[in-house]
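For reference, the structure discussed in these notes is given below.
The values are calculated or read from the model by the stated rules, or taken from the named source; none is laboratory data. Nothing here was measured: the structure is a model prediction, and the numbers come from that model. Here the Cβ positions follow ideal geometry from the backbone for every residue, glycine too, while neighbour counts run over all protein chains shown. Just the protein is used for accessible areas: all its heavy atoms, side chains included, with ligands, DNA and RNA removed. Shrake-Rupley method; radii C 1.70, N 1.55, O 1.52, S 1.80 Å.
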Protein chains: 2
Amino acid sequence: MKSVDYIIKADYLLTMEVDLSVIRDGAVAVTGSDITDAGTFQDISGKYTSEKIIDGRNRVVFPGLINTHSHAAMVYFRGIADDLPLQVWLEQHIWPNEMKWLSSEFVADAVDLACLEMLKAGVTTYSDMYFFQNTSGKQLQKIGMRGVLGSGIIDFPWKDVAETPDDYFTNCEELINAWKGNELVTPCVAPHATFTCSPDKYIRAKELADKYDVPLHTHLAETQYEVAECRKRYGKTPVEHLDSIGFLSERVSAAHCVWLTDREIEILAEKKVGVAHCIESNLKLASGIAPLPKMLNAGVKVAFGTDGAASNNDLSILGEMSTAAKVHKGVSMDATVVDSRTALLMATRNGAEIVGLGNKTGSIRPGKKADIVIANLDKPHLSPLYDIYSHITYCMRPGDIETVMVNGKIVVDKGRATTLDEAEVIEKAKAWQNKIQAT
Amino acid sequence: MKSVDYIIKADYLLTMEVDLSVIRDGAVAVTGSDITDAGTFQDISGKYTSEKIIDGRNRVVFPGLINTHSHAAMVYFRGIADDLPLQVWLEQHIWPNEMKWLSSEFVADAVDLACLEMLKAGVTTYSDMYFFQNTSGKQLQKIGMRGVLGSGIIDFPWKDVAETPDDYFTNCEELINAWKGNELVTPCVAPHATFTCSPDKYIRAKELADKYDVPLHTHLAETQYEVAECRKRYGKTPVEHLDSIGFLSERVSAAHCVWLTDREIEILAEKKVGVAHCIESNLKLASGIAPLPKMLNAGVKVAFGTDGAASNNDLSILGEMSTAAKVHKGVSMDATVVDSRTALLMATRNGAEIVGLGNKTGSIRPGKKADIVIANLDKPHLSPLYDIYSHITYCMRPGDIETVMVNGKIVVDKGRATTLDEAEVIEKAKAWQNKIQAT
């Protein structure tokens, strides 16, 4: 009998490995930061002992959810401007506020709030695109959450972040040097979008990512405006354009991909580009509805992203799963698309793979990091229970998430964060709100 | 100074009356089952005293939410069949299970679960269409929830509910005689749909409702199948058909209204028919997407319905608000439609009006019944807070609902039901689940 740090029991265990079968009366053994083993409780308890056995009666255990596209610090602009056309929202509200408020101090406090919200909703990893990512990295270390932190690149200077566009690359390289090899934080190179980054920026970003073997993250084909602009500038649609300059590869996760031709869907599949599907943001900003069923059929690897809370307005991947599973049925008039198993697979294993962490997280497999969620099923809205996948996709809410483990450490216990002072984080958000409102 | 039973304080008070303005530091005075007064706390505390003052720091108070279309007892079939085409879902799963299991005992237990879920999600009134409504009425009396209970009418006999179609009318009349004038329960006549009810049934239903002055509830224009079938049988589309036989009036609430011509939208507006918009059910069953912005523009009174939990899969009106506000922006490519104020108005005052309870509930106005919700804003996902309407529509979750009052009585206190034993209700659901799964 081998001694392990934790044995996590569960009435229902979903490993999200290979066949997606449901293990009844399951258990996961965890040692240090790693998953040691997973199977039935009978099997696991015959092989391991632990002083810490987490009881899983009326509980389901599944891999931590992956948020593959966010701008975490924008959580401080949640609800500051809604129900407005995208350009008005962006140009009259979001950009001026970012220009006025963004700083390392702002990002530090805002990232705490975003991570608190995500962890309590079962999200253990997020892939981000923003500035001041070195600050985000420090917060993640403190909080104990996993993140892929993409440092933004655009064509024009921006505040003290970049006096010249060259500075964005310097920032990226510094971020990489500071965090490469870190257990929780993965640095990432993030050219913003085809209408804000010239081809040379994209090429240079790719070269930098190749040099250090880190992921690339970009916005792609989010709006009709972007497609029109890309055609005007380069005579090509966005995916074709990035393909023609050699940017696309398995290293890239592309957020949105709303406006795609069939040929572009083929390119995304061929080049193994990961797609961060941000259904709620795309709906709320009236950007359009991405062809998710077509992408899945074509073999494109797609996962879920919340985008920033200013356009969502929350950071819940459970919400994205439920919305996507329903919306694509309604839009395609086919009730069989995006079934509940597909939704959870996208939210876990697919998510980890598209942000370059497929070997580390996204499923419960010996050798992977212990990023694990325990949800309480003993709730009216989860009763009765015929199909656990259905309940997670269509009925489960962040409030049902009880225990969250990241990298072998419990960061949410009985629904409360263990590494963040919730009251303090909320108070800080109010203090920033008061400052922002006063102007 | 007049003594009242409760003074409910609130950082934010939304009465949902007339101008939809936000009252900061507000208060509501409640006496017996009624709202006595509402205004600023300064104003209310100058006029009334109470031994029970509910502290509303970091809280928002708004009218109880109205679920205008449900089949509450179907909650026991939640998740029993998903991701299937509507006809397979209905004919191979739902109908056989209903045929096998439906009974007064089943309905009694299932309604407890549905009401528990709804009350905890801030829903204080639901409008239902099902059988065994006398049983539902008894449960509502026990639970202390408001309901409009529509007794179903179809063309064919069904189990022991109706040996002949005449029996449906007898059932309706008995329900009316048993409950007419009751404070919580409003009996209602509910012909099922144009493809299951011949014109004579609709006409007889209307005559019965007129005779006793009770509401009418029906399904209308839910699917393309229904429209095609109606054209085939009557040479008219569903709304035109019901209009031609004189069925439509302010007394009618019509669920779904997905497939409408522009002329039919005009008819619904002219005849003041209320529409129960069931966006999540329509999406999940791939029925289509109702033209909500067009209906609102045309002056049709529209509110939200969850439909049964077998096709949703929950009974949360907050969920419907969020989904509808986002989906219609995405589908219409216009981010200004179904703004957050409109969403909460639909979920409250409009809802009450379309189910015939406009004088009783749906807003916080002196003389109306005290159906009131208090939600806790002290949450990460509700921070910061720039616009309270935005947060209720886009971010609030059932778990944020803390206190719920129906008819002047507190039925949810600190998130726990006071009139139902939650553990017992969940245990009963499991017992039924085990019976149903065993066959």
Treat each spin label as a single point 7 Å out from the Cα along the C-beta direction, and report the B:Leu84 to B:Glu163 distance in nm.
3.3
Mean other chain Cβ within 10 Å across B:110-122 is 2
Anything losing 10 Å² or more of accessible area from the isolated chain to the full protein assembly: pick those residues out of the stretch B:384-402, probe 1.4 Å, ligands and DNA/RNA ignored.
B:Pro384, B:Leu385, B:Tyr386, B:Asp387, B:Ser390, B:His391, B:Tyr394, B:Cys395, B:Arg397, B:Pro398
May I ask which residue of chain A has the beta-carbon nearest to the axis carrying chain A onto chain B, and at what distance in whole Å?
A:Gly399, 2
Rounded tilt (10° steps) of B:166-179 against the dominant C-alpha axis of chain B
20
With 10 Å bins from 0: P(r) over the protein assembly as shown, alpha-carbon pairs, percent:
2, 13, 23, 25, 20, 12, 5, 1, 0
Under a GNM of chain B (C-alpha, springs under 10 Å), which listed residue has the highest mean-square fluctuation: B:Lys360, B:Lys272, B:Lys138?
B:Lys138
Can you divide the C-alpha Rg of the stretch A:66-354 by 2.2 N^0.38 Å and report the result to two decimal places?
0.92
What is the spin-label model distance, in nm, from A:Glu17 to A:Gln224 if the labels are put 7 Å beyond Cα along the C-beta direction?
4.8
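Tell me, what % of the accessible area of the stretch A:66-354 is carbon and sulfur with a 1.4 angstrom probe? Present the calculation step by step, with values, prior to reporting the outcome.
Details: 4340 of 8610 Å².
Ligands and nucleic acids excluded, carbon and sulfur reach 50 percent.
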If I take R0 = 30 Å and measure r between the Cβ atoms of B:Asp34 and B:Glu250 in this structure, what FRET efficiency does the formula 1/(1 + (r/R0)^6) give, to the nearest 0.05?
0.75
Once the whole set of protein chains is in place, how much accessible area is left on A:Phe195, using a 1.4 Å probe, in Å² to the nearest 10?
50
In degrees between 0 and 90, to the nearest 10, how far off the longest principal axis of chain A does helix A:133-143 point, with axes built from Cα atoms?
10
Quick one: label points 7 angstrom along Cα→Cβ at B:Pro199, distances to the other copies in nm, smallest first?
6.8
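Accessible area, 1.4 Å probe, largest first: how do B:Val22, B:Val111 sort? Working shown, then result.
Values: B:Val22 55, B:Val111 0 Å².
These residues rank, largest area first, as B:Val22, B:Val111.
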Only Cα pairs under 8 Å and at least 6 apart count here; give the relative contact order of chain B as a rounded whole percent.
20
Which ³J(HN,Hα) values in Hz, rounded to whole numbers, follow from the phi angles of the stretch A:329-342 under the Karplus curve 6.51 cos²θ - 1.76 cosθ + 1.60, where θ = phi - 60° and Gly and Pro get x?
5, x, 6, 8, 6, 9, 6, 8, 6, 6, 6, 5, 5, 4
In deg cm²/dmol and to the nearest 500, what is the mean residue ellipticity at 222 nm of chain B if only DSSP H runs of at least 4 residues count, each as -39500 (n - 2.57), divided by the residue total?
-10500 deg cm²/dmol
Local electrostatic count at B:Thr49 - Lys and Arg +1, Asp and Glu -1, tallied over other residues with Cβ under 13 Å:
0
For B:Thr218, A:Thr186, B:Thr170, the accessible-area ranking with a 1.4 Å probe, largest leading, is B:Thr170, A:Thr186, B:Thr218
Given the whole protein assembly as supplied and a 1.4 Å probe, what does the accessible area of B:Arg365 come to in Å², nearest 10?
90
The local net charge around B:Thr68, scoring Lys/Arg +1 and Asp/Glu -1 for residues other than B:Thr68 whose Cβ lies under 11 Å from its Cβ, equals -3
Cβ-vector label at 7 Å, A:Lys47, separations to other copies in nm
7.1
What are the distances, in nm and sorted shortest first, from the label point of B:Lys232 to the label points of the same position in each other copy, with each label point placed 7 Å from Cα along the Cα-to-Cβ direction?
5.1
Going by alpha carbons, how many degrees (0 to 90, nearest 10) lie between the helix axis of A:224-234 and the longest principal axis of chain A?
50
At R0 = 56 Å, FRET efficiency that the Cβ-Cβ distance of A:Glu91 and B:Lys180 yields, to 0.05:
0.45
Give me the accessible area of B:His241, 1.4 Å probe, in Å² rounded to the nearest 10.
10
Quickly work out the B:Lys430-to-A:Ala431 label distance, labels modelled 7 Å from Cα along the C-beta direction, and quote it in nm with one decimal.
4.6
Probe 1.4 Å, accessible area per residue of the stretch B:181-231, Å²:
35
Quick one: among A:Met295, A:Met333, A:Met118, which has the greatest mean-square fluctuation in a GNM of chain A with alpha-carbon springs under 10 angstrom?
A:Met333
On average, how many beta carbons from a partner chain sit within 10 Å of the beta carbon of a residue in B:286-293?
3
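Please work out the FRET efficiency for the pair A:Tyr386 and B:Glu270, using the Cβ-Cβ distance as r and a Förster radius of 41 Å; give the result to the nearest 0.05.
That gives a FRET efficiency of 0.40.
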Taking every residue in A:83-91, how many Cβ atoms of other protein chains lie within 10 Å of its Cβ, on average?
3
Name the residues of the stretch B:407-439 whose amide N is less than 13 Å from a point 7 angstrom out from the Cα of A:Arg24 along the C-beta direction?
B:434-435, B:437-439
